[in-house]
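Notes follow the structure.
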């Protein structure tokens, strides 16, 4: 908690390590977004790992991100995370852990790669604590051989994207003299740890004061800090909408984009998977009136309410990562009282499936308002009057579609899904209404 606070501890892990055997691995996770609580050597080259729960909770072990040193090349190591809680996992369906080598990155320009074999995800015999004491934990096990001696390796559940990565990206964006003409950055609020939650406004300056108010598109990400894939989709979206293509120029002429790229920086910094620093899921708290406890979601709702008084919001899209399903897809809401509205609520996701046909599955989309989802961004904004209010999910694993079938997602795949979101906004609002009409006929 202290290390996430502005003005708090800047203590870094000491280079002085506890005494270890010469052939033992040395583990570390005390860095930004890191998560590993304990590593126990149970065999010559076998380690059991425990992840840290989200702060002030007894659950939410999914995200891991740690480094190791002192690996022996050519030796087969086995790693087993023993305190996972979900009953099924994409690791049972072809997903591999991510591995990063500092030496190979420096020497060959190789970044994160999928690695590991004999991957298993299964229920173990360890009982959980507290109100979950009648349930058992699950284990994730994988084997791997390392290539280099005196190298530093990192493992992660998904391609990391930290708060520092975001700040560097936004600084580069605002340092570009051309983009500063249509891109504005301001602080929406501060978190309870004092970190900034940014809102980026992208639109072309209006030269006609009598023109009809532009419609608005709102995109948010990282309410769940361990869903790092959402940040890569967001990066693709921002790259596209601030780009120099004719379509990007048209988007800026037609719309005002309000973008909150990281809702929960506190959770991202400390390596949480789902919660804020007070142990609460912010995506169940959008209807809160407690600004001091839930500042990001409180101020996002206030921003939306203010914008709705001024102009039409054609899309609210909250970016997420999904731990059990393949592909990317959308969760929407449903008005069962109007067949025409029922059809319209499916047009945008249907168009997405055409623009990203190898990555996005319309069949996986769902349109429903469950009682326990009332506090989500999707449902809250829909009840405020935004018909196209969506949770945009992207698998941690990969695709089962078209040319991408059987592949695991890369950062470029995630970024392309952000670009496809921009293309779909253009298609949906095309003055030539034929695309919308065709989609309604197909869905009916």
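Selection of helices (runs of 4 or more DSSP H) fully inside the stretch 227-329 by the criterion of at least 2 residues being closer than 26 Å to residue 57 by Cβ and touching a strand residue (DSSP E or B) at 6+ places or on another chain (Cβ under 6 Å) returns 229-241, 295-310.
Any residue in the stretch 110-128 that is over 25 Å from residue 32 (Cα atoms), more than 20 Å from the chain's Cα centre (by Cα) and in contact (Cβ under 8 Å) with a residue 60 or more places away in the chain?
So the first thing to find is which residues in the stretch 110-128 are over 25 Å from residue 32 (Cα atoms), and the list is 117-128.
Adding the requirement that they be more than 20 Å from the chain's Cα centre (by Cα) leaves 117-128.
Subsequent filtering for residues that are in contact (Cβ under 8 Å) with a residue 60 or more places away in the chain retains 128.
Scanning the stretch 110-128 turns up at least one residue that is over 25 Å from residue 32 (Cα atoms), more than 20 Å from the chain's Cα centre (by Cα) and in contact (Cβ under 8 Å) with a residue 60 or more places away in the chain.
Just to be sure I understand, how many residues within the stretch 132-157 are touching a residue at least 60 places away in the same chain (Cβ under 8 Å) and under 21 Å from residue 51 (Cα atoms)? Going through the stretch 132-157 one residue at a time, the tally reaches 12. Select from the stretch 391-422 the residues that are out of contact with any strand residue (DSSP E or B) (no Cβ under 6 Å at 6 or more places or on another chain) and under 22 Å from residue 367 (Cα atoms) and write down the one among them that is surrounded by the fewest Cβ atoms within 10 Å (Cβ to Cβ). Looking at residues that are out of contact with any strand residue (DSSP E or B) (no Cβ under 6 Å at 6 or more places or on another chain) and under 22 Å from residue 367 (Cα atoms), I get 400.
Would you say residue 171 is surrounded by 15 or more Cβ atoms within 10 Å (Cβ to Cβ), modelled with pLDDT of 95 or more, in the same structural domain as residue 225 (by TED's automatic domain parsing) and within 27 Å of residue 265 (Cβ to Cβ)? Step through it out loud before you land on a result.
Details: surrounded by 15 or more Cβ atoms within 10 Å (Cβ to Cβ): no; modelled with pLDDT of 95 or more: yes; in the same structural domain as residue 225 (by TED's automatic domain parsing): yes; within 27 Å of residue 265 (Cβ to Cβ): yes.
For residue 171, the condition - surrounded by 15 or more Cβ atoms within 10 Å (Cβ to Cβ), modelled with pLDDT of 95 or more, in the same structural domain as residue 225 (by TED's automatic domain parsing) and within 27 Å of residue 265 (Cβ to Cβ) - is not met.
Let me confirm something: among 294, 240, 286, which residue is free of Cβ contacts under 8 Å to residues at least 24 places away in the same chain and assigned by TED's automatic domain parsing to the domain that holds residue 180? On inspection, the qualifying residue turns out to be 294. Of 267, 279, 271, all but one fail to be surrounded by fewer than 22 Cβ atoms within 10 Å (Cβ to Cβ), touching a residue at least 40 places away in the same chain (Cβ under 8 Å) and under 27 Å from residue 34 (Cβ atoms); the exception is 279. On inspection, residue 330 qualifies as under 18 Å from the mean Cα position of the chain (by Cα), at pLDDT 95 or above and in the same structural domain as residue 305 (by TED's automatic domain parsing). For the condition within 23 Å of residue 281 (Cβ to Cβ), at pLDDT 95 or above and assigned to a helix (DSSP H, G or I), residue 424 does not qualify.
Rundown of residues vs (1) in a strand (DSSP E or B); (2) at pLDDT below 95; (3) in contact with a helix residue (DSSP H, G or I) (Cβ under 8 Å, 6 or more places away or on another chain), yes/no style:
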| residue | (1), (2), (3) |
| --- | --- |
| 334 | no, yes, yes |
| 341 | no, yes, no |
| 380 | no, no, yes |
| 386 | no, no, yes |
| 391 | yes, no, yes |
| 439 | no, yes, yes |
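The values are calculated or read from the model by the stated rules, or taken from the named source; none is laboratory data. All values reported here derive from a predicted model rather than from experimental measurement. Heads up, the Cβs are rebuilt from the backbone with ideal geometry, glycines too, and the neighbour counts pull from every protein chain shown.
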